[in-house]
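Following: one structure in structure tokens, then a few remarks.
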Amino acid sequence: METVNTTPSPTAPAIRLRSLHKNFGQLAAVDGIDLTIQPGEVVALLGPNGAGKSTTIDLALGFATPTAGTAELFGGEPRAAIETGRVGAMLQGGALLPTMTVAQSVALIAAAHRHPLSVSEALERAKCTEIAKQRVSKLSGGQMQRARFAVAIVSNPDLLILDEPTAAMDVEARRTFWQSMREFTDAGRTVVFATHYLDEADAYADRIVMMAAGRVVADGTPGEVKAVVSGRRIRASFDFAWSPAIEAELYELPGVRSIDHRGDVLTLVSDDSDAALRTLLSHHQDVHDIEVTAHSMDDAFLALTASASKSVPDAIERAPRIEAEESTLIGDRS
């Protein structure tokens, strides 16, 4: 493994991964990733199970040793940035002491840093004020995620790394979480989050890095990533009887690449949706309730990840981490 600087730099990228590899036996969980994330970016890390997202996060934080390549945070070794309080992390395997209250858990981490947020401010930012006096063992899944978020931000970090932060949250709790996250990122913090909720990535990320089989298969703004899937979707209701002849006719419409019909609802994908719709209406005036939409992040995700020729097993994605990872985030902040 190549050596990296030990001291973080105030002007370096928040994250820099160079030719990063991580093998488990013959299986490559991370297969040559080059990635630079600048301060102030909000980046979503997407990919199917086994894509290598969590392993990449572990490598970036120094919780795992690369087979080859280097990982730097702010131009230095990950541990140096963590020990000075510049990094906060909310990881899937993180655990809080069950006998402590939420406020006590946050205070424990705050006490280890020189310039933390106040406990009350961290609780408020994480929307945990109303559960501050509850013991960790009594928290619901969604409440536990919010408590772990408060622990992650109390050091007042410059970089926040989140692995599936809204897992176990209902729709309302997810909305509340991202509201608090927006308030946190408005101050120019760097945030990297891995998620299976593609709508979250589309709505909250400035940049999307999509992974498959341990490699980066797309890197750009949400609009740029979605643009890899050409065409638009035309969805409409129809009153005519469906038949093979009708289907053949619809395939003659300008730019049509696919057709689906369920009941009395027709869906066309066309590279020239305006011309296709005009022609459709000229031939079938009984078509109604028409919607024309661009492709979604789901479409881009399926198109980009389906091209991967191999898959890293789920067991690799869940490779063992350091159990007391919260303690690894404790250190003096200079």
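Here are a few things to note about the model shown:
- Helix-only CD estimate at 222 nm, as mean residue ellipticity for the chain, using -39500 (n - 2.57) per DSSP H run (n ≥ 4): -8500 deg cm²/dmol
- Dipole size of the chain about its Cα centre, with +1 on Lys/Arg Cβ and -1 on Asp/Glu Cβ: approximately 1320 debye, rounded to the nearest 20.
- Of (1) -0.74, -1.09, -1.18; (2) -0.63, -1.16, -1.29; (3) -0.66, -1.05, -1.16, the label for log10 I(q)/I(0) by the Debye sum over Cα atoms at q = 0.10, 0.14, 0.15 Å⁻¹ derived from the coordinates: (3)
- 12 Å reach of a label modelled at Asp239, 7 Å along Cα-to-Cβ, counting backbone N of the range 280-297: 285-289
- The dipole here belongs to the range 232-294: it is taken about the Cα centre, uses +1 on the Cβ of Lys and Arg and -1 on the Cβ of Asp and Glu, and is about 200 debye.
- Remark: relative contact order (the chain) = 24 percent; criterion is Cα-Cα distance under 8 angstrom and separation of 6 or more residues.
- For the range 232-294: rounded, prolate or oblate by the Cα gyration tensor [a/c cutoff 1.5]: rounded
- Extending 7 Å from Cα along the Cβ direction at Glu172 and again at Arg262 yields two label points whose distance is 2.9 nm.
- Rounded FRET efficiency, nearest 0.05, which uses the C-beta distance separating His115 from Thr67 and R0 of 45 Å: 0.80
- Footprinting exposure proxy ranking of Phe184, Phe63, Phe193, fewest other C-beta atoms within 10 angstrom first, gives Phe184, Phe63, Phe193.
- With the simple spin-label model, which puts each label point 7 Å out from Cα in the Cβ direction, the Glu124 to Glu249 separation comes to 6.5 nm.
- Comparing mean-square fluctuations of Ser270, Ser105, Ser180 from a GNM of the chain with C-alpha springs under 10 Å, the top value falls on Ser270.
- Residue-by-residue Karplus 3J(HN,Hα) for the range 52-62, coefficients 6.51, -1.76, 1.60, Hz, glycine and proline x: x, 4, 5, 5, 4, 4, 4, 5, 5, 8, x
- The mean sequence separation of alpha-carbon pairs under 8 Å and at least six residues apart, normalised by the residue count of the range 149-291, gives a relative contact order of 18 percent.
- Centroid-to-centroid, using Cα positions, the range 66-116 and the range 247-295 are 52 Å apart.
- Cα pair distances of the range 1-127 binned at 5 Å [whole percent]: 2, 9, 17, 19, 18, 15, 11, 7, 2, 0
- Note on the chain: GNM, Cα springs under 10 Å; of Phe240, Phe301, Phe177, the largest mean-square fluctuation is that of Phe240.
- Stretched out straight at 0.36 nm per residue, the stretch from Arg182 to Asp289 would grow longer than its current Cα-Cα span by 34.9 nm.
- Taking the longest Cα principal axis of the chain as reference, the axis of helix 273-283 is set at about 30 degrees.
Each value in this text was obtained by applying a stated rule to the coordinates, not by laboratory testing. All of these numbers come straight from a predicted model, not from anything done at the bench. Neighbour counts run over all protein chains shown; Cβ positions are idealised from the backbone, glycine included.
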